[in-house]
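Chemist: Okay, handing you the structure first.
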Amino acid sequence: MIRLITFLVACCASFQAEAFYQQSDSIKKLPAKQLSRQRNIDVKHIALDLRFDFHAKQARGTATIILSPLNLASKILLDAGMLKIYSIVLANGTPLKFNYAGGDMDDGLEIMLDRFYKTGEELTLKIDYQTLHENKADPNNIWGSLGKGIRFFEPTSTTPIKRRQIWSMGEPLSNRYWFPGYDGLDDLRTTEFTATVDKKLMVISNGSLLTSKENSDDTGTFTWKADRPYPNYLTSFVVGEYIDVIQNYEGVKLHTYGYPDEKEAVEATIVRLPDMVRFFSEKTGVNYPTPDYAQVMVQDFPFPGLVGQNGSSIISDNMIDDFKTHTDFFYLWDGIEAQSLASQWFGNLITPKDWNHFWLNRSFSHYFDGLYNQYKNGKEEYLLNYLPFDLSVTLGDWNSGYRHPIVTDHFASISDFISDNYAGSRGSLVLRTLHKQLGEENWKKAIQYYVKSNAGKQVSTEDFKIAIEKSTGESMDWFFDQWIYRMGHPVFEVTRSYDSKKKLLTIVLKQKQKLDRNDEYPQVEFFKGSMEIEIDDRIEKIWIEPKAENTFTFPLSQQPKLVHVDFESAWIKEIVFEKTTDELIYQMLNDKDILGKNWAMGELVKIAGKKDATIPDKQKIYEAFRKTILSNSYWRLRFNTLAQLRRLMANDPFTTLDDATSGMLLSVIKSEKSWLRTSALTSLGNSRDARYADLYINYLNDESERVINAAAIALGKTQSPKAYDALVGMAYKPSWKSQSMISALNGLKELKDPRGADLAMKALSDIHSPRWWLATPIWDYPIAAAETLVALGKGKDAYPMIFERFRKSMVDNDYNDIFANVVLITTLADPRGQEAFEMLKVKFKDDANAMVAVSQAESQFAEKIKK
């Protein structure tokens, strides 16, 4: 999951092979085989009754567990993680002896029964316990982390706007840290969760709210009940101050629990949720499976969110935006909301039998999220945004040496295996390849048969394959063996030739990948399957045989201007296809596949960026880029092209912002909105031409905050006398999560006017204004303020204040606050900051994970000091 955070800043890259499979220097042994746990009990129901201690960051209460032994038994073994067990009694009050060393190993809690119990004989255990493990934030992931057990939040001395909140999730084996139970996937049980909290707070958990009441001691008690059995890892809860924003889809209540002071923003964020429920119901052929659905926004939760059972999802509160901001990010935040919702079918309605089949949860929910994105925002958005991201992380993992099949019994860590890019991005890409292979009609048959026939069941990958074969009549053994049970991808080298006498086009596809003989995971030597090739204005379907070289011929009356292999990139692949500058320009301007246009653009960037690139070639390329930017092509392609043109011109000492380019940019600024206008303002702003100061000032009032930010930065770069007043004047304009202040500070950083230090110092000293927690100056005003002070030569003036804040956070012992202040100390780059790192090394000397974060931050600090 954490790897997916790069989605927030991922750009739409093009892909071309530059290397074959990497050869290992030594034998890469398989990790030990992960054996399925041998279950000895059948847990039927767990009822939890808890109270919480915010100060100690602990919970105290009881777990009432109804279970039956699967064999004749005189003792019961349960999983417990760092719990203090006070007593265990039977339903009739009979006390039971137990052994527990206090660790977190499987079957660590041994309970001696009062007699032998027969197979299937039901008994009830009541366990009085307390949690001891504190689920601290991960300093290496200050934008959000999961941890183990219960995460507590309260306002701190340095972050008084932090909300009083508690949450916990269980994926994969973390629930043992807050209640005893059985963490295997193969045991389904119902739950009841009761919690007593301060009366201002609300409790949200699995299932439906059974009761809520106020108590005489200024507390409230909530009881949630889940009647449909589900695996242990999906038990979750959230405690906080919330409002319930309710929507409805055909009788299904859709609850979104957001913060009371953000009600309008919550409403803006979730406008598409009912439509998502309709879409997934229609695509799967199964209506939303429970009477209610709830999504809860919490602090310090990583992208993209986690699902709970029986209709609940936990999502980062960074998702909540007002109408104006969220409009710019439908393509992004739709994905978080849709993926969590899709998991109610793929993960809750249908659950994997074991961890090695977890892609049936993660990959399916991710791919169906992508299908919704394609439906709502257009196929081109999916092709230029979702698909390139999934390809980049998949190929990135492969080329960095992180490799394994999607389904395997051999993996080192369950947690890593179910949350890495193979379980998500690669699996999603494989589903897309399968979708293309089957065709739309058979894909629909297969998915709907799979969901309907397995609803309420636990499944394996074989169950999915069988569903395809039964519904379509097609055997897919070869496909699953190639893409699921083995690892690798093809590396194609493409050549083409045209025989003008025979009027025949020949295309040769060579598979250049090589097996890594030193890796013991099963690999694919040569790949097979159907593929589409675009030849001028027609699409040809071919079948690739599993061999080193495939040759295809096509009768053509004349030499084609465009040949594009793997139309819309249905394959996970790398490819080398040499083309001339003119051929690439033609493809960029005429390809029916927007990915082909984007790929051609990337190749042209490489040509123009070469030291030996000729002026005529550069001029042709720049003209093609300008033509694309001013075309009616999809906005993201034009946005990508603008960014690439800006990069090329910035790196070319012989290129200035000529009349043609500046005219193009002015046209885009005038006629386009949001992202295209933002990019054009950024490009024009790089000219630092003060003639455009009034233009930038005008766009400080744009409807898009992204445009406003770009205009502010561009205005600062002009060094215009008008800039200072305009930027300071906009700083306190009402905006969502201090975006006006961020934009003003970003502009003042470029302006270099020393008067801007006063505003930056005020912003840096402000610990009360709303903000995101995304650790970047574009989204987080304290970091923007620190960078501005450094740019104005005033970083040293701010250091004492930030060091004092850091010192207080060390006393508060809030990891998020500590390392957020470390980011500011590193940004200020004052040599006195070394004292903070010495304090960190003392505090975290026994915490290996925290020391990684300290070491990395200290290295960054040292680099900044050198500058």
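The values are calculated or read from the model by the stated rules, or taken from the named source; none is laboratory data. Source: prediction; values computed, not measured. Ideal geometry is used to build each Cβ from the backbone, glycine not excepted, and the neighbour counts take in all protein chains shown. Heavy atoms of the whole protein, side chains included, go into the accessibility calculation; ligands, DNA and RNA do not. Shrake-Rupley method; radii C 1.70, N 1.55, O 1.52, S 1.80 Å.
Chemist: In region 511-542, how many are outside any loop (DSSP other than H, G, I, E, B) and in contact with a Ser or Thr (Cβ under 8 Å, 6 or more places away or on another chain)?
Modeler: Total meeting the criteria: 4.
Chemist: Working only within region 1-45, note down all residues that are over 30 Å from D128 (Cβ atoms), modelled with pLDDT of 90 or more and not in a loop (DSSP other than H, G, I, E, B).
Modeler: Correct list: K33 only.
Here is a yes/no grid of residues against (1) under 30 Å from the mean Cα position of the chain (by Cα); (2) free of Cβ contacts under 8 Å to residues at least 60 places away in the same chain; (3) surrounded by fewer than 20 Cβ atoms within 10 Å (Cβ to Cβ); (4) at positive phi:
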| residue | (1), (2), (3), (4) |
| --- | --- |
| K722 | no, yes, yes, no |
| V728 | no, yes, yes, no |
| S735 | yes, yes, yes, no |
| M741 | yes, yes, no, no |
| L745 | yes, yes, no, no |
| A757 | no, yes, no, no |
| P770 | yes, no, yes, no |
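Chemist: A follow-up question, please. Checking the structure you have, find out if any residue of region 786-799 is under 29 Å from the mean Cα position of the chain (by Cα) and either free of Cβ contacts under 8 Å to residues at least 24 places away in the same chain or closer than 15 Å to T156 by Cβ (or both).
Modeler: No: region 786-799 contains no residue that is under 29 Å from the mean Cα position of the chain (by Cα) and either free of Cβ contacts under 8 Å to residues at least 24 places away in the same chain or closer than 15 Å to T156 by Cβ (or both).
Chemist: Could you tell me whether any residue of region 440-451 is among the small types (G, A, S), open to solvent by less than 20 Å² (accessible area, probe 1.4 Å) and assigned to a helix (DSSP H, G or I)?
Modeler: There is at least one residue in region 440-451 that is among the small types (G, A, S), open to solvent by less than 20 Å² (accessible area, probe 1.4 Å) and assigned to a helix (DSSP H, G or I).
The rows are residues; the columns are (1) more than 17 Å from L438 (Cβ to Cβ); (2) open to solvent by 30 Å² or more (accessible area, probe 1.4 Å); (3) among the aromatic types (F, W, Y).
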residue	(1), (2), (3)
I533	yes, no, no
D537	yes, yes, no
W543	no, yes, yes
Q559	yes, yes, no
V563	yes, no, no
V576	yes, yes, no
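Chemist: Tell me, yes or no, whether region 341-357 has at least one residue that is more than 21 Å from L188 (Cβ to Cβ) and polar (S, T, N, Q).
Modeler: No; the residues of region 341-357 include none that is more than 21 Å from L188 (Cβ to Cβ) and polar (S, T, N, Q).
Chemist: Out of the residues in region 620-636 that are open to solvent by 10 Å² or more (accessible area, probe 1.4 Å) and of a type in the set (F, W, Y), which is modelled with the lowest pLDDT?
Modeler: Looking at the filtered set, the residue picked out is Y622.
Chemist: If the Cβ limit is 8 Å and pairs must be 6+ apart or interchain, which residue in region 593-611 that is over 17 Å from L384 (Cβ atoms) and assigned to a loop (DSSP other than H, G, I, E, B) pairs with which residue that is modelled with pLDDT under 95 and open to solvent by 10 Å² or more (accessible area, probe 1.4 Å)?
Modeler: Pairs found: G609/L648; G609/N651.
Chemist: I need the full set of residues from region 819-832 which are part of a helix (DSSP H, G or I) and either hydrophobic (A, V, I, L, M, F, W, C) or under 15 Å from K808 (Cα atoms) (or both), in order please.
Modeler: F819, A820, N821, V822, V823, L824, I825, L828
Chemist: Could you check, for region 416-434, whether at least one of its residues is more than 17 Å from the chain's Cα centre (by Cα), in contact (Cβ under 8 Å) with a residue 40 or more places away in the chain, closer than 22 Å to D463 by Cβ and open to solvent by 30 Å² or more (accessible area, probe 1.4 Å)?
Modeler: No, region 416-434 contains no residue that is more than 17 Å from the chain's Cα centre (by Cα), in contact (Cβ under 8 Å) with a residue 40 or more places away in the chain, closer than 22 Å to D463 by Cβ and open to solvent by 30 Å² or more (accessible area, probe 1.4 Å).
Chemist: Okay, next question. Hand me the list of helices (runs of 4 or more DSSP H) wholly inside region 631-712 holding 2 or more residues that are of a type in the set (K, R).
Modeler: 635-650
Chemist: Would you confirm whether any residue within region 706-716 is at positive phi and either surrounded by fewer than 24 Cβ atoms within 10 Å (Cβ to Cβ) or among the hydrophobic types (A, V, I, L, M, F, W, C) (or both)?
Modeler: No, the conditions are met nowhere in region 706-716.
Chemist: Please go through region 324-371 and give me each residue that is touching a strand residue (DSSP E or B) at 6+ places or on another chain (Cβ under 8 Å), assigned to a helix (DSSP H, G or I), within 18 Å of T256 (Cβ to Cβ) and not aliphatic (A, V, I, L, M), ordered by number.
Modeler: E337, S340
Chemist: Of these, K864, K841, K845, which one is basic (K, R) and in contact (Cβ under 8 Å) with a residue 24 or more places away in the chain?
Modeler: Being basic (K, R) and in contact (Cβ under 8 Å) with a residue 24 or more places away in the chain holds for just one of K864, K841, K845, which is K864.
Chemist: Checking the structure you have, find out if any residue of region 381-389 is more than 15 Å from the chain's Cα centre (by Cα), of a type in the set (D, E, K, R), over 30 Å from N640 (Cα atoms) and surrounded by 18 or more Cβ atoms within 10 Å (Cβ to Cβ).
Modeler: no
Chemist: Under the condition of being in a loop (DSSP other than H, G, I, E, B) and in contact (Cβ under 8 Å) with a residue 12 or more places away in the chain, which residue from region 500-510 is surrounded by the most Cβ atoms within 10 Å (Cβ to Cβ)?
Modeler: K503
Chemist: Would you point out the residue of region 204-235, among those that are farther than 21 Å from D186 by Cβ and in contact with a Leu (Cβ under 8 Å, 6 or more places away or on another chain), that is surrounded by the fewest Cβ atoms within 10 Å (Cβ to Cβ)?
Modeler: It comes out as G220.
Chemist: May I pose another question? Please pick out the residue among S497, S460 that is open to solvent by 40 Å² or more (accessible area, probe 1.4 Å), in contact with a strand residue (DSSP E or B) (Cβ under 8 Å, 6 or more places away or on another chain) and hydroxyl-bearing (S, T, Y).
Modeler: Only one candidate qualifies: S497.
Chemist: How many of the residues making up region 243-266 are open to solvent by less than 10 Å² (accessible area, probe 1.4 Å), without any contact (Cβ under 8 Å) to a residue 60 or more places away in the chain and in a strand (DSSP E or B)?
Modeler: Residues meeting the conditions: 2.
Chemist: Output the residues belonging to region 52-87 that are under 13 Å from I111 (Cα atoms), in contact with a Phe, Trp or Tyr (Cβ under 7 Å, 6 or more places away or on another chain), of a type in the set (A, V, I, L, M) and surrounded by 22 or more Cβ atoms within 10 Å (Cβ to Cβ).
Modeler: Result: L78, A80.
Chemist: Does Q295 satisfy the criteria of being in contact (Cβ under 8 Å) with a residue 12 or more places away in the chain, touching a strand residue (DSSP E or B) at 6+ places or on another chain (Cβ under 6 Å), open to solvent by 30 Å² or more (accessible area, probe 1.4 Å) and part of a strand (DSSP E or B)?
Modeler: no
Chemist: Looking only at residues that are over 15 Å from M810 (Cβ atoms) and without any contact (Cβ under 8 Å) to a residue 40 or more places away in the chain in region 852-861, which one is surrounded by the fewest Cβ atoms within 10 Å (Cβ to Cβ)?
Modeler: It comes out as S859.
Chemist: Restrict the check to region 667-688 and report whether at least one residue is modelled with pLDDT of 95 or more, open to solvent by 20 Å² or more (accessible area, probe 1.4 Å) and aliphatic (A, V, I, L, M).
Modeler: no
Chemist: Could you please give the count of residues in region 392-423 that are assigned to a loop (DSSP other than H, G, I, E, B) and among the small types (G, A, S)?
Modeler: Qualifying residue count, region 392-423: 4.
Yes/no matrix, rows are residues, columns are (1) in contact (Cβ under 8 Å) with a residue 40 or more places away in the chain; (2) closer than 30 Å to P229 by Cβ:
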site: G396; (1), (2): no, no
site: R403; (1), (2): yes, no
site: D409; (1), (2): yes, yes
site: K470; (1), (2): no, yes
